[in-house]
Amino acid sequence: MAIFKNPYRPGAGHMPPHLAGRETEYAEFDRLLRQEEILENLVLTGLRGVGKTVLLETFKPRAIAAGWLWCGTDLSESASVSERNLAERILTDLAVITSGLTVRITDAPGVGFGSEATERDVPITYDVLRRVFDNTPGLTSDKLKSVLRFAADYLIAGETPRVIFAYDEAQNLADNAGKEEFPLSMLLDVFAGLQRSGISFLLVLTGLPTLFPKLVEARTYAERMFRVIMLGRLSEGESEDAIKKPLDVADCPVRFTELSVRAIANEAGGYPYFIQFICREVFDAVLQQSDPERPQPIPIGAIQRKLDTDFFAGRWARATDRQRELLYLISGLEQCDEEFTIQEVVAASKQADIKEFSASHVNQMLAALAGQGLVYKNRFGKYSLAVPLLSQFIQRVYSDA
């Protein structure tokens, strides 16, 4: 059999050959692009592995085709640690789209009789934006708002006034009252103020499910400021498309049987990352079969153990023994993959063959696990596992033990 490049790409934000599903999300994004006045911004959220970053990347060409400019990047923790750092991040991104515009400046007359002031056009680079920022009096939010208004004036003159500011990993944003730094509140205040004045700057934030509760905690009006799209699992049909269509795109002679497709879809649980991971391993296994005429069964067990090692083991290693007991209790709850409460965990501990958990102890441990990225608390006071299919991994770990 000829050697073909594996078409599957399980990675952080890697674009798959075929993006299955998401038609509803595209329709909602297109609706936001048609706003005459910006009344709603966008929060794109979901667990790791559901394809938030990939979907955000596919939004960009749709926005550009609709006449919008696009700027943005990942929001690192360093960019989010202070108001000034966040302003620096936004200025840097804004300069990418303003550098093609020019501003007319007047140079002071030279020394000597008869010398005159001269005018020249200067590109609106980062240095120009920074000068506007530094020369504006007031708080960091005042300075940032002044720069964005300045840029908006020239973008309007250039007939490209609509800009999307898109930031991935936005759950890193957080206010810190102890250090008197409020970058998240500043971001909301600045864009809300600009939008009220009619400037078409649309904010798109992507992040884990902790993002939107943070926004509401920072500014209660954030509930009315954002349209939240929660990315979930793919349907059975969409999962099968994600499995089969990359082979069509690659024009590869390898094909999975319908039984194999269903087995892969079942193991992946509808999560795009797991589909790509399992399919990559299966594809490599098929190509390495010694007798193509007598195909061997898919080594699902071996692939699952590799996925456990590559994806789950590092997160699991951060938990203490007592935290693991708590997570095991959670993994046995009927709604463990959706939402659960402290009371449900306490009740389960009374029925289990382990030391019982009190409500206060569960509350403290869930807070610690949230800090480790294993659970998160939604704004309704309930908790969810922050890693897709974590409950199944925990059950396997305890079964092996």
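The values are calculated or read from the model by the stated rules, or taken from the named source; none is laboratory data. Quick caveat: nothing in here was measured; it's all calculated off a predicted structure. Cβ coordinates were reconstructed from backbone atoms using ideal geometry, including for glycine residues, and neighbour counts include every protein chain displayed.
Filter the stretch 185-222 for residues that are under 30 Å from Gly49 (Cβ atoms), aliphatic (A, V, I, L, M) and either touching a residue at least 40 places away in the same chain (Cβ under 8 Å) or assigned to a loop (DSSP other than H, G, I, E, B) (or both) and give the result.
Hits for the stretch 185-222 are Leu187, Leu202, Leu203, Val204, Leu205, Leu208, Leu211, Leu215, Val216, Ala218.
Looking at the stretch 262-289, which of its residues are of a type in the set (A, V, I, L, M), crowded, with 19+ Cβ neighbours inside 10 Å and modelled with pLDDT of 85 or more?
Across the stretch 262-289, the qualifying residues are Ile264, Ala265, Ala268, Ile275, Ile278.
Name the pairs whose Cβ atoms lie under 7 Å apart, with the first residue in the stretch 346-368 and assigned by TED's automatic domain parsing to the domain that holds Lys382, the second aromatic (Phe, Trp, Tyr), and 6 or more positions between them or separate chains?
Going by the 7 Å Cβ cut-off, the qualifying pairs are Val346/Phe357; Ser349/Phe357; Leu366/Tyr383.
Out of curiosity, is Pro253 crowded, with 19+ Cβ neighbours inside 10 Å and either at pLDDT below 90 or of a type outside the set (Phe, Trp, Tyr) (or both)?
no
Which of the residues spanning the stretch 193-238 are among the polar types (S, T, N, Q) and modelled with pLDDT of 90 or more?
Gln195, Ser197, Ser200, Thr206, Thr220
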